[in-house]
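Shown next, in structure tokens, is the structure this report addresses.
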Amino acid sequence: MTWWSHAAHTDRRPFLEARGRIRDAARVWFRSEGFTEVECGALQVSPGNEAHLHAFKTEQTGDQGTRPLYLHTSPEFACKKLLAAGERKIFDYARAYRRGETGPLHSSEFTMLEWYRAGEPYEAVMADCVALCRLAAGEAGQGRLCWRELACDPEIPPEKLTLADAFAKHARIDLTATLGKREALADAARSIGVRVGADDSWSDLFSRVLVQHVEPNLGQGRLTLLCEYPAEEAALARPLPHDPRFAERFELYACGVELANGFGELTDPVEQRRRFEAEMDVKQAIYGERYPLDAEFLAALAHMPPASGVAMGFDRLVMLASGARRIADVLWTPPP
């Protein structure tokens, strides 16, 4: 049955109505907090420089010839340029695009609710995430977040776990002892039944343990804030002041589903360039392609104030708040 059939649309319409209520209420909430809504353009010279994200490419033809452009995978670069320009608290309901992402929780075109607080720590945007989950649950009428057979009450104070604590609790792995030690992490992964390939990097193994043993246990009954990621897994985040092996990155989980990814933002353009180049080296080695660096973004970092920011999957938030079973049910016109 196609999404535009009368019967299918009738079934989906309650979820779409919930989407509108949540969107409007969140706008009111952001404005009450002193935020300005911005609208970042989707066409960029770089779609982002994370090794495992895949973008849609196009081109622009003009008086000076043809040049490649990309649909952004996130409005992050543009938002940070606005912070460099003088904005202090901004949010954007941004359309974002990621090639190859489909499934119950993924869409190749989706809405990224992204916001930034200049001069504030990343704990501030953690609190924002919790507030928005509570708002969404209330506006949808369920009073809780649900995914499949699982439920989460956002009114209960969230669990806060560091990655090291989460690996110890849910995977019985001493993450700190294995940092940067591929064979040590491989041995620990094998001991809990995680497949280890000959070509797997430390990062591959970290992700596999996270997905298989940690994430399914997060956000059960209450929200989980998973924080203090290894620095190698936080290319856009600044290091922790007390332990630079880890970084000011967090993710928000409900019912085992990742809803948001946030940082205490890195503002060192030299270090950011180094990290991006390393990410693109990985992309080249695995996928045979690399994306250009946005020179203007790197230049803007030198003028950007200290800030915290977060990207929330708005469609996923609506799904869990409304009880929808798949992301297509909360998209007015799902992509082909």
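Among the GluC sites (Glu not before Pro) in the range 271-304, those located in a DSSP loop and surrounded by at most 13 other Cβ atoms within 10 Å of their own Cβ are 289.
Toward the positive end of the charge dipole of the chain, with +1 on the Cβ of Lys and Arg and -1 on the Cβ of Asp and Glu, the farthest Cα among 241, 100, 280 is that of 100.
The 3J(HN,Hα) values that the Karplus relation (6.51, -1.76, 1.60; θ = phi - 60°) gives for the range 57-63 are, in residue order, 10, 9, 8, 10, 10, x, 4 Hz. Gly and Pro appear as x.
Helix-only arithmetic for the chain: the sum of -39500 (n - 2.57) across DSSP H runs with n ≥ 4, divided by the residue total, places the mean residue ellipticity at 222 nm at -11500 deg cm²/dmol. Would you please give the residues with an amide H less than 5 Å from that of residue 246, counting only those at least 5 places away or on a separate chain, with H modeled from the backbone geometry? Sorted by chain and number, the residues that satisfy this are 231, 240.
By the beta-carbon count within 10 Å of each Cβ, the least crowded to most crowded order of 290, 316, fewest first, is 290, 316. Under a Gaussian network description of the chain, with springs only between Cα atoms under 10 Å, the residue in 11, 174, 315 that fluctuates furthest is 11. Around the amide H of residue 106, modelled in the peptide plane, lie the amide H atoms of 327, all under 5 Å away and 5 or more residues distant in sequence or on another chain. Distance from the C-alpha centroid of the range 51-82 to that of the range 157-200: 35 Å, rounded to the whole angstrom.
Rounded, prolate or oblate, given the Cα gyration tensor of the chain, with a/c below 1.5 counting as rounded? Rounded, since a/c falls under 1.5.
Dipole magnitude for the chain: computed about the Cα centre from +1 point charges on Lys and Arg Cβ and -1 point charges on Asp and Glu Cβ, it is near 600 debye.
Using only alpha carbons, the range 245-336 has a radius of gyration to Kirkwood radius ratio (Rg to Rh) of 1.07.
Laboratory data are not the source of any read-out in this text; all were calculated from the coordinates shown. All of these numbers come straight from a predicted model, not from anything done at the bench. Here the Cβ is made from the backbone with ideal geometry for all residues, glycine too, and neighbour counts use every protein chain on show.
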